[in-house]
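The values are calculated or read from the model by the stated rules, or taken from the named source; none is laboratory data. As the structure is a prediction and not an experimental result, all values here were calculated from the model. Cβ atoms come from the backbone with ideal geometry, glycine included; neighbour counts cover every protein chain shown. Keep in mind that these areas ignore ligands, DNA and RNA; they rest on the heavy atoms of the full protein, side chains included. Shrake-Rupley method; radii C 1.70, N 1.55, O 1.52, S 1.80 Å.
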Protein chains: 4
Amino acid sequence: MTIRAVVWGENVHDRENETVRSLYPDGMHGAIAGALNADPAISATTATLDQPEHGLSESRLRDTDVLTWWGHKAHGDVEDAIVERVARRVWEGMGLIVLHSGHFSKIFRKLMGTPCSLKWREAGEKERVWVINPLHPIAQGLGQSFIVPETEMYGEPFAIPEPLETVFISWYDGGEVFRSGVTYRRGGGSIFYFSPGHEVYPIYHDPNVQTVLRNAVKWAYNPAPALTGIHQAPNVPVDEAPEPIVEKGPHLHKPGEAGLR
Amino acid sequence: MTIRAVVWGENVHDRENETVRSLYPDGMHGAIAGALNADPAISATTATLDQPEHGLSESRLRDTDVLTWWGHKAHGDVEDAIVERVARRVWEGMGLIVLHSGHFSKIFRKLMGTPCSLKWREAGEKERVWVINPLHPIAQGLGQSFIVPETEMYGEPFAIPEPLETVFISWYDGGEVFRSGVTYRRGGGSIFYFSPGHEVYPIYHDPNVQTVLRNAVKWAYNPAPALTGIHQAPNVPVDEAPEPIVEKGPHLHKPGEAGLR
Amino acid sequence: MTIRAVVWGENVHDRENETVRSLYPDGMHGAIAGALNADPAISATTATLDQPEHGLSESRLRDTDVLTWWGHKAHGDVEDAIVERVARRVWEGMGLIVLHSGHFSKIFRKLMGTPCSLKWREAGEKERVWVINPLHPIAQGLGQSFIVPETEMYGEPFAIPEPLETVFISWYDGGEVFRSGVTYRRGGGSIFYFSPGHEVYPIYHDPNVQTVLRNAVKWAYNPAPALTGIHQAPNVPVDEAPEPIVEKGPHLHKPGEAGLR
Amino acid sequence: MTIRAVVWGENVHDRENETVRSLYPDGMHGAIAGALNADPAISATTATLDQPEHGLSESRLRDTDVLTWWGHKAHGDVEDAIVERVARRVWEGMGLIVLHSGHFSKIFRKLMGTPCSLKWREAGEKERVWVINPLHPIAQGLGQSFIVPETEMYGEPFAIPEPLETVFISWYDGGEVFRSGVTYRRGGGSIFYFSPGHEVYPIYHDPNVQTVLRNAVKWAYNPAPALTGIHQAPNVPVDEAPEPIVEKGPHLHKPGEAGLR
């Protein structure tokens, strides 16, 4: 079965900044979607900030298995209602791949519950991405490490919860380290954060980076039906309790009443 | 050193519902603060929804080591700005104890990044709270299990991230189970969720429950100075890199420019 | 691709105890292998304690993708060298499903690093297995909970490390609870422990239990090549350092010398 | 209350290697114990491989709150019975700090359940230890990072389970990274692994390293009574079940019989 991926791109620097435009004539989202579509198991399309509902309507998200997210300059322009909508789909089982400066996106911070802050330096220095977890599906097809020749440094402390799995840790010329590939689960959704991807360097054209992206989409895909019930807090009436019980004590709620929230 | 605890109470049912009022003449927050103050290592005061800034001004939070949170009917009335303020203090190192129906509070859902939904039934049934982690500081002074004679059932699936530590799991007369005591860390802050505490039963007068509350406050206390830098994403200029590097490549940011967010 | 599963059975009570023999005329391993082979994606064979090398020769393990383990009476009779061999294959990426009384097997205790102790009672009571993690691959095809009508009670505290994922928690008639389905990763290997399976009840003939077994084998399967290097601690000579460095300081090891262990 | 620490040292290179002997005239264990005793909250003594029972008799371990472990050349000479004894005390609540080449000690591998392998290079290169978790008790009193001027490189992949908490990650001159400070819990015992400490460099005389050691001992200390019951798997007879049940079904065990293991 083909995995339906949507590559979300902010598409601001892609249009406004000449360096970015020349590196990514189809936008970074276009380059990422192209990399994903090189795998026949994935069918990737794109969505951008400037589209109605940022390209992420209810119906489109319902038909999305895995969403990738790249944003930088305009995190604040993403509507809260769309962020909530994306979070709900993640909880229902949609995979989410958050890229680079997406660490500060509304959706990533919402799902992590932490500031997601870090140190940074834009000096075109070398990054060496080490595979910490060699049998993890996201690390397949890579060597022990790979190099991003020119990168923006992202340095620890990275204010995230302790990961479910640490897949990559990066070494930088300038002396810092960074947990550059980490996984989480939130509700039914699998989440992968991957830090390389600064827009003024050709990072999404790098074969190793593209391998990571394809692996991540396949890893984050969950074929199970959407867990739409996860948003409700159902009452279990006394006469439907798994074991027979006799009701007692005082009550706050009237019989059949919906819970408070 | 005395731990400065603030017991936050919604204080709605405490005033409006006759059963709750008679069980908790000083409000549930009053009963909880009283239980905490029975330990000389803790100095607890209270704050409620109806106070200015819900009793949680910037300066008061700055002087709070551990906050406990009980809300039920009026989660939606808690101002988003106050929720953000509390989250920031948690990330800086303030402990947070979330109680019972607080699973659906804005602050808990914000810190978990999940829906925090569950099943429920208000039938005064028996809950047996099992100690899963007998040497955990929060479980000290308890037996292998303790009984809450009349409880509101909270049942799995509880839509939370996999806990850092599972301290308690509850068994119910009616056939359900629930992870009734779980811990997390978010930034510098330690978080404990504890499910017993429905307002129409005298649960916060129970000696075992009070032991858990005191233990939890002491466990969540971090004496280290507030990690106020966790909210920033500082630039590390090239000439301050830990290792000498030579700048290269194109740039998005001008020298000394603040990062985007 | 077909997953090559080996179902290991102690095969002592299966032969010696009349109740077990009548429930499982082909041994419990036979019943489990039959359940697995009902899925065309799995090809299961069996191995037993009484066979040479307990049926787990080096070459057979090399060709095993996922091993399931049931033992009870004769944990002590499993040779340490075979336990070490199985552990090494797990670290290299072989999946391992540990069943019921296998909690006290040498292999499970070795991989957990804890006593793996628990409470127990053999009274034919009812167990209700709750799905805690509804979108987990191991829980697919089940309802919110399922019943094992007659079970041996296994009760908390279960002395295991905090799980990677908690999939099932069980409720018992007699008042106890148990984390009945938990996952771990050790090296490249995925591990699932599942508690139902006492030999004097027909538990491995239960359709829900069989669904769990098939799901678990598929979940634990890792198609990546064996991580045979995980057992070594390779020296990285100075002239092969990823970044050029100049050697300095005193030495314990002569150039090219193997490390100590 | 004073924390009773025992500093275990292999004491082989300390005596046999002239470089080590001159750096650590009282042995590395002597230097570590001295560093710990600089904190009035800790009372540290030493134990070495060459002593009867390696200095770790049953009664001494019973009176030990936290054990630190340094070994390198003679892991194989540590008796299995003593390793088992130490593991049992960890499970009962004793803290354990494993240092440097102790990653390959029998006790650490037993508690981790993984090979604990890594890459290494002895070239006196620089190590920069980054604080990943700035409010962790083990990181108090340190800056954002500290330097070990001459170190043995330990490089990823480090074959350990995903840590409970990642406290430090190291950067090396030669291009590698390493999770240099990680925590675990095994039964009641808190475990911290810290990688700096190669014997031909004066690392245990370093003030930052000494701060880490003192912090770690205080963090690993659990004042609760020893959890001696963790080794047993008690039967809960039918007439002592928390909830009244009626026995049914066939039996493997006779009433009152001990469980199998």
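D:ASP26 - would you say it is surrounded by 19 or more Cβ atoms within 10 Å (Cβ to Cβ), acidic (Asp, Glu) and either under 15 Å from D:GLY71 (Cα atoms) or out of contact with any His (no Cβ under 9 Å at 6 or more places or on another chain) (or both)? Against the criterion (surrounded by 19 or more Cβ atoms within 10 Å (Cβ to Cβ), acidic (Asp, Glu) and either under 15 Å from D:GLY71 (Cα atoms) or out of contact with any His (no Cβ under 9 Å at 6 or more places or on another chain) (or both)), D:ASP26 does not qualify.
Against the conditions (1) closer than 23 Å to B:PRO242 by Cβ; (2) within 12 Å of chain B (Cβ to nearest Cβ); (3) without any contact (Cβ under 8 Å) to a residue 60 or more places away in the chain, A:LEU164 satisfies every one except (1).
Of the strands (runs of 3 or more DSSP E) contained entirely in the range C:83-158, those carrying at least 3 residues that are at pLDDT 95 or above, in contact with a strand residue (DSSP E or B) (Cβ under 6 Å, 6 or more places away or on another chain) and closer than 25 Å to D:SER117 by Cβ fall at C:95-99.
Taking the range C:8-23 as the range and being in contact with a His (Cβ under 6 Å, 6 or more places away or on another chain) and among the β-branched types (Val, Ile, Thr) as the test, only C:VAL20 passes. Residues that are free of Cβ contacts under 8 Å to residues at least 60 places away in the same chain, in contact with a strand residue (DSSP E or B) (Cβ under 9 Å, 6 or more places away or on another chain) and closer than 30 Å to D:GLU18 by Cα do occur in the range C:219-234. Residue-level check: of (1) of a type outside the set (Asp, Glu); (2) more than 10 Å from every other protein chain (Cβ to nearest Cβ); (3) in contact with a Gly (Cβ under 8 Å, 6 or more places away or on another chain); (4) open to solvent by 20 Å² or more (accessible area, probe 1.4 Å), A:ASN222 misses just (2). The set of residues from the range D:39-56 being open to solvent by less than 70 Å² (accessible area, probe 1.4 Å) and within 21 Å of D:ASN215 (Cα to Cα) comprises D:ASP39, D:ALA41, D:ILE42, D:SER43, D:ALA44, D:THR45, D:THR46, D:ALA47.
So which residues in the range D:167-219 are of a type in the set (Val, Ile, Thr) and either part of a strand (DSSP E or B) or within 9 Å of chain C (Cβ to nearest Cβ) (or both)?
Selection gives D:VAL167, D:ILE169, D:VAL177, D:VAL182, D:THR183, D:ILE191, D:VAL200.
What number of residues within the range C:144-176 are among the β-branched types (Val, Ile, Thr) and within 25 Å of D:GLU162 (Cβ to Cβ)? Number satisfying all stated conditions: 4. For the range B:235-257, the condition of being aliphatic (A, V, I, L, M), at negative phi and away from chain A (no Cβ under 12 Å) holds for none of the residues. Listed by first and then second residue, the pairs with beta-carbon distance under 7 Å, at least 6 apart or on different chains, first residue in the range D:63-83 and away from chain C (no Cβ under 14 Å) and within 14 Å of D:LEU36 (Cα to Cα), second of a type in the set (S, T, N, Q) and open to solvent by less than 10 Å² (accessible area, probe 1.4 Å), are D:TRP69/D:SER105. Would you check if A:THR166 is more than 30 Å from B:GLU125 (Cβ to Cβ) and open to solvent by less than 10 Å² (accessible area, probe 1.4 Å)? Taking the combined requirement at face value, the residue satisfies it.
Each residue in the range D:38-56 was checked for being part of a loop (DSSP other than H, G, I, E, B) and more than 20 Å from D:ASN222 (Cα to Cα), and 4 of them qualify. Filtered by the rule that a residue be surrounded by fewer than 23 Cβ atoms within 10 Å (Cβ to Cβ) and assigned to a loop (DSSP other than H, G, I, E, B), the range D:57-71 gives D:SER57, D:ASP63, D:THR64, D:ASP65.
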